[in-house]
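**Student:** Before we start, here is the structure in question, set down as structure tokens.
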Amino acid sequence: MNIGFIGLGRMGAAMATRLLMAGHRVTVFNRTPAKASALVAKGATAAASIAEASRGDAVMTMLANDEAVEEVVLSKDGILAALPSGALHVSSSTISIALSERLTAAHSRAAQLFVAAPVFGRPEAVQAGQLFVVAAGEESAIKAATPIFEAIGQKTFTVSETPKAANLVKLSGNFLIATVIESLGEAMALVRKGGIDATRYVEILTSTLFNVPLYRTYGGLIADGKFEPAGFAAPLGQKDIRLTLAAAEALGVPLPMANILRDRFLTLLAHGCEHLDWSAIGQLAAKDAALAQE
């Protein structure tokens with residue numbers, strides 16, 4: 001396929017690389033052009049504009065927030081204006097339910113295909129082909145996107161013909177990950193205050209009750225205090241909890257833990273930690289307990 005890819009952060013660059021490895025012809029665009037250089041060296045073509053990256057069979061976006069997606073898709077010279085009729089937009093960005101609804105309607109009016117396909121997995125999972133894709137869209141759009149999903153991940157979960165459903169699943173999943181990070185941080189502060197080594201504690205947890213990658217990954221990061229480079233930056237975590245709360249309010253679902261997480265992320269950002277991985281909220285309990293950072 002001829003695929004445009006817009007948004008070359010750590011996740012986007014890794015996903016575009018997987019598309020190249022699968023033999024697709026990939027045209028890349030990023031607001032910071034220098035980020036395209038490594039992909040061009042791997043065989044991608046650099047686009048000079050969003051429109052130039054949106055003239056193939058499909059265009060894929062992996063952007064930081066609603067504002068970036070709106071600018072790239074809905075602006076005068078954006079994807080919506082350039083994508084051919086019948087071509088596909090795959091949005092892998094974690095965005096609000098409201099924006100997903102707007103994108104669905106706009107692409108429908110333009111006779112374009114649209115799939116919401118957020119993903120679960122950190123950049124290293126993408127590189128290993130271990131990403132999970134959560135997809136939603138009309139059957140014809142999902143079918144058109146299948147070669148893309150097969151290139152970037154190990155399994156695709158199709159959840160609905162309505163794109164916003166995939167965005168809701170993604171937000172709920174990130175909310176759950178953040179609750180794990182917070183609870184790990186609190187439990188580790190407790191045992192550390194009692195004189196137990198944090199690394200040993202994580203080994204015990206992940207060999208018994210919680211033998212899953214999520215606990216191993218984030219338990220290890222918290223125990224080691226390794227929050228740089230950020231695989232998923234703290235401001236993105238704060239944004240996702242904010243969007244989760246907005247979705248919950250619209251659906252009439254109380255989420256008490258999400259309110260706590262919102263405050264934890266705001267505390268982290270207020271202390272100038274925007275550059276850290278979102279797992280750094282796991283160190284706040286240790287600070288509250290007057291423990292030195294390991």
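The values are calculated or read from the model by the stated rules, or taken from the named source; none is laboratory data. For clarity, every value in this text was computed on a predicted model and none was experimentally measured. All Cβ positions, even for glycine, are placed from backbone atoms using ideal geometry, and neighbour counts span all protein chains on display.
**Student:** Give the residues of the range 65-100 that are in a loop (DSSP other than H, G, I, E, B) and of a type in the set (A, V, I, L, M), sorted by residue number.
**Tutor:** Scanning the range 65-100 gives Leu83, Ala87, Ile95.
**Student:** Any residue in the range 194-217 that is farther than 25 Å from Val169 by Cα and surrounded by 21 or more Cβ atoms within 10 Å (Cβ to Cβ)?
**Tutor:** yes
**Student:** Of the residues Ala105, Ala64, Ala125, which is more than 28 Å from Gly237 (Cβ to Cβ) and either assigned by TED's automatic domain parsing to the domain that holds Gln238 or among the small types (Gly, Ala, Ser) (or both)?
**Tutor:** Ala105
**Student:** So which residues in the range 214-229 are in contact with a Ser or Thr (Cβ under 9 Å, 6 or more places away or on another chain) and either closer than 23 Å to Met15 by Cα or in a helix (DSSP H, G or I) (or both), if there are any at all?
**Tutor:** Those that are in contact with a Ser or Thr (Cβ under 9 Å, 6 or more places away or on another chain) and either closer than 23 Å to Met15 by Cα or in a helix (DSSP H, G or I) (or both): Tyr215, Arg216, Thr217, Tyr218, Gly219, Gly220, Leu221, Ile222, Ala223, Asp224, Phe227.
**Student:** Given the condition buried (at least 18 other Cβ atoms within 10 Å of the Cβ), among the small types (Gly, Ala, Ser) and closer than 19 Å to Val133 by Cβ, answer yes or no: does some residue in the range 40-58 qualify?
**Tutor:** Scanning the range 40-58 turns up at least one residue that is buried (at least 18 other Cβ atoms within 10 Å of the Cβ), among the small types (Gly, Ala, Ser) and closer than 19 Å to Val133 by Cβ.
**Student:** Turning to a different aspect of this structure: Take the residues in the range 5-36 that are in contact with an Asp or Glu (Cβ under 8 Å, 6 or more places away or on another chain) and crowded, with 18+ Cβ neighbours inside 10 Å, then tell me which one is nearest to Gly78 (Cα to Cα).
**Tutor:** Residue satisfying both the conditions and the ranking: Phe29.
**Student:** So which of Leu269, Leu214, Leu236 is under 28 Å from Gly195 (Cα atoms), assigned by TED's automatic domain parsing to the domain that holds Gly195 and either at pLDDT below 95 or not β-branched (Val, Ile, Thr) (or both)?
**Tutor:** Step by step, each of Leu269, Leu214, Leu236 is checked, and only Leu214 is under 28 Å from Gly195 (Cα atoms), assigned by TED's automatic domain parsing to the domain that holds Gly195 and either at pLDDT below 95 or not β-branched (Val, Ile, Thr) (or both).
**Student:** Shifting gears a bit: Would you mind finding the one in Gly153, Gly137 that is under 25 Å from Leu214 (Cα atoms), outside the structural domain of Ala230 (by TED's automatic domain parsing) and surrounded by 15 or more Cβ atoms within 10 Å (Cβ to Cβ)?
**Tutor:** Gly153
**Student:** Here's another thing I want to ask about it. Is there a residue in the range 75-83 that is touching a strand residue (DSSP E or B) at 6+ places or on another chain (Cβ under 8 Å), at pLDDT 95 or above and small (Gly, Ala, Ser)?
**Tutor:** Checked the range 75-83: no residue is touching a strand residue (DSSP E or B) at 6+ places or on another chain (Cβ under 8 Å), at pLDDT 95 or above and small (Gly, Ala, Ser).
**Student:** While we're here: From Ala68, Ala117, Ala87, Ala38, grab the single residue that is of a type in the set (A, V, I, L, M, F, W, C) and in contact (Cβ under 8 Å) with a residue 60 or more places away in the chain.
**Tutor:** Among Ala68, Ala117, Ala87, Ala38, only Ala68 is of a type in the set (A, V, I, L, M, F, W, C) and in contact (Cβ under 8 Å) with a residue 60 or more places away in the chain.
**Student:** Only one of these conditions is not met by Glu161: (1) touching an Asp or Glu at 6+ places or on another chain (Cβ under 7 Å); (2) buried (at least 17 other Cβ atoms within 10 Å of the Cβ). Which number is it?
**Tutor:** It fails just one condition, (2).
**Student:** I would also like to ask the following. Within the set of pairs 6 or more residues apart or between chains, which connect a residue that is assigned to a helix (DSSP H, G or I) inside the range 134-150 to a residue that is aromatic (Phe, Trp, Tyr) with Cβ atoms less than 9 Å apart?
**Tutor:** Cβ pairs passing all conditions: Ala141/Phe114; Ile142/Phe149.
**Student:** Give the residues of the range 237-261 that are within 24 Å of Pro123 (Cα to Cα) and surrounded by fewer than 19 Cβ atoms within 10 Å (Cβ to Cβ), sorted by residue number.
**Tutor:** Correct list: Arg242 only.
**Student:** With respect to Leu284, determine if the residue is in a helix (DSSP H, G or I), in contact with a Lys or Arg (Cβ under 9 Å, 6 or more places away or on another chain) and not assigned by TED's automatic domain parsing to the domain that holds Ser92. Before you say what the answer is, go through the steps one by one.
**Tutor:** Numbers: in a helix (DSSP H, G or I): yes; in contact with a Lys or Arg (Cβ under 9 Å, 6 or more places away or on another chain): yes; not assigned by TED's automatic domain parsing to the domain that holds Ser92: yes.
Here the answer is yes, as Leu284 does meet what is asked.
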